[in-house]
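Working notes, structure below.
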Amino acid sequence: MEIRRAFLSWFARATQPEEEGIHWSLRWAFIALIVLFPVVFPLSSRANNVCFFLLFGLSLIVVLTRRRLRGATFFQFLWTHKMLCLLSVCALFAVFLNQLMVAGFRARDYDMPFHFFALPFLIYALSALGWKDLRHIQWGWFVSVLLSCAVYVFSAVQLDTWRFSGVRSYATLLIIPFVNQGLLTACLVFLTTSWDRAKSRILFFLRCLVGLLGVALCVLSGNRGGWLLFPFIVWIVYVAFPHVGTRKKMTVIVVGVCVVLAFFFVSDSVRERVRLVGEEITQYTEGGNRNTSIGFRLQWYRAAPTLIAQHGLFGMGEQHYDRRIQEQDFVSRGVWTEEAKDPAHFHNDFLQWMILYGMVGGVFALLLWGVPLCYFFRHIRSTSPILRGAALMGVLLGIAYAVFGLTDAFTSTSRDGKLLANYYVLTFSVLLAILLEKRHYPAKLG
């Protein structure tokens, strides 16, 4: 009874309207969770989901108990941000249409789309915190990269190889999305340099070190899909520091490229992965061995248009995926080989969403990449270093999920997809909340 009375007393105080934002206990709960989330991301999928749903629960409390935040009700917020609403419901609508017209009801198919549905609730609630609170996520990112590197090294030592694609890492994701997320998080840490008003050289050095660790993680793993992000990283680093001279920026970029090339020469397996790119493409185009890493993907990409044409409106649905694939008999038709006949997915986010959930699924995949660019790209040259940093991080988030999705089903409805959806939703929410603070209180951001 005493515990119940204490909880009800706290809840009554926490939900009382305040002049500025939300009650201090809710504020600190949000801060603790947004810092803890990236820390547990490389360690435990269960803890990842717990943090996410605790954040969603707190956001619901804020939405239900605050009539206005930043001068707007929740419904006014939704009306203002229509693209955001479309992104949040598009995946749910794609699954609903598929089940209504093709597959039949199955509750678990709504699990991953529901994570995106939480997006506007989180952004609305986090907009009450402000940049001084939200910036603490950078320390969670910092620790996350260090833990990701430690987990990778531990897994590599256990397997006695740096290259172990297809094997689940020590705790959470398959190694390809695992190192991709490590690279993305390391880049986000480096971009928080613009949030450091004290201009500490020690913190700048540590951020550079973490950035290089993320690059090393991606290179040594031999994950060629992640390497496609490197040119975009170079461009973002160039834009991130407008007050630094072009010569100095080019010097830093050249040094960074040299360090990356050094990583390539350290590992024999990495050099072998580079050499195999041309060889595997040649073998595929000249009718040789098609059962290679690139050859498998090219076979699946070749079959995808046929499946999309047959099921393009509503998709085939995850429930019937295996059966519908086998019905095509692509082996006898020469589309793919016997070894490639059972793809877990088509190693491309857009194709996978189109095949599973039709046109609406394809629209969702495009929104996933495009909405962050629509919100953040216009601010990448802002005179406010804090806003510019947040905008570059938001642009990088959209580009990264697009690039990673070119060679892997990055947000498929598997367990990995749910964890990556959690990461996307929370990161996007924090960055957009900082952007919204600028619109209401530009002086606070400098």
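The values are calculated or read from the model by the stated rules, or taken from the named source; none is laboratory data. Because the structure is a prediction, the values reported are computed rather than measured. Ideal geometry is used to build each Cβ from the backbone, glycine not excepted, and the neighbour counts take in all protein chains shown. Surface accessibility is based on the protein's heavy atoms, side chains included, excluding ligands, DNA and RNA. Shrake-Rupley method; radii C 1.70, N 1.55, O 1.52, S 1.80 Å.
Given the alpha-carbon gyration tensor of region 264-422, what are the semi-axes of its equivalent ellipsoid in whole angstrom, ordered largest first, with each equal to the square root of 5 times an eigenvalue?
32, 24, 12
Using Cα atoms only, what is the angle between the long axis of helix 349-376 and the major principal axis of the chain, expressed in degrees (0 to 90) to the nearest 10?
40
Assign unit charges at the C-beta atoms only (+1 for Lys and Arg, -1 for Asp and Glu), then state the dipole size of the chain relative to its Cα centre in Debye, rounded to the nearest 20.
Here the size comes out at about 1680 debye.
Tell me the Rg and the Dmax, in Å, that the Cα atoms of region 13-149 produce.
Looking at region 13-149, its Cα Rg and Dmax stand at 16.8, 51 Å.
For the peptides 299-305, 423-429, 208-214, what is the packing order when you average, over each peptide's residues, the other Cβ atoms within 10 Å and list the highest mean first?
423-429, 208-214, 299-305
Would you mind working out the accessible area per residue for the chain, using a 1.4 Å probe, and quoting it in Å²?
45
Pairing the Cα long axis of helix 82-98 with the longest principal axis of the chain, what angle in degrees results, from 0 to 90 and rounded to the nearest 10?
Roughly 50 degrees between the two axes.
Please determine, in degrees from 0 to 90 and to the nearest 10, the orientation of helix 24-40 with respect to the longest principal axis defined by the Cα atoms of the chain, where the helix direction is its Cα long axis.
Long axis of 24-40 versus the principal axis of the chain: about 20 degrees.
Calculate, in whole percent, how much of the Cα-Cα pair population of region 339-438 lies beyond 16 Å.
The answer is 58 percent, as a whole percent.
Please compute the length gained on full extension between N291 and H243, using 0.36 nm multiplied by the number of residues separating them and subtracting their Cα-Cα distance.
12.3 nm
For region 58-105, divide the Cα radius of gyration by the Kirkwood radius and give the resulting Rg/Rh value with two decimals.
Here the Rg-to-Rh quotient is 1.17.
Using Cα-Cα distances under 8 Å and only pairs 6 or more residues apart, what relative contact order does the chain have, in percent?
Averaging sequence separation for qualifying contacts and normalising by length gives 20 percent for the chain.
List the relative contact order of region 325-446 as a percent without decimals, with contacts defined as Cα pairs under 8 Å and 6+ residues apart.
25 percent.
Kirkwood-based Rg over Rh for region 286-350 (C-alpha set), two decimals?
Expressed as Rg/Rh, it is 0.95.
Taking the alpha-carbon centroid of each part, what is the distance from region 367-402 to region 60-123 in angstrom?
With region 367-402 and region 60-123 each reduced to a Cα centre, they are spaced 22 Å.
Scan around L174 for amide H atoms under 5 Å from its own, H built in the peptide plane at 1.01 Å from N, and keep only partners 5 or more places away or cross-chain.
S169
For region 230-326, give the magnitude of the charge dipole about the Cα centre (Cβ charges: +1 Lys/Arg, -1 Asp/Glu; no others), in debye to the nearest 20.
340
What spacing in nm lies between the two simple spin-label points modelled at S25 and F232, each 7 Å away from Cα in the Cβ direction?
Here the modelled spin labels are 4.2 nm apart.
Tell me, what does the Kirkwood hydrodynamic radius of region 188-306 come to in angstroms if you use every pair of distinct C-alpha atoms?
16.9
How much of the accessible area of the chain, probe 1.4 Å, is carbon plus sulfur, in whole percent?
67
Against the empirical 2.2 N^0.38 Å scaling, what ratio does the C-alpha Rg of the chain come to?
Output field value: 1.02.
Using a 1.4 angstrom probe on the protein heavy atoms only, could you order H23, H243 from most to least accessible area?
Most to least solvent-accessible, the answer reads H243, H23.
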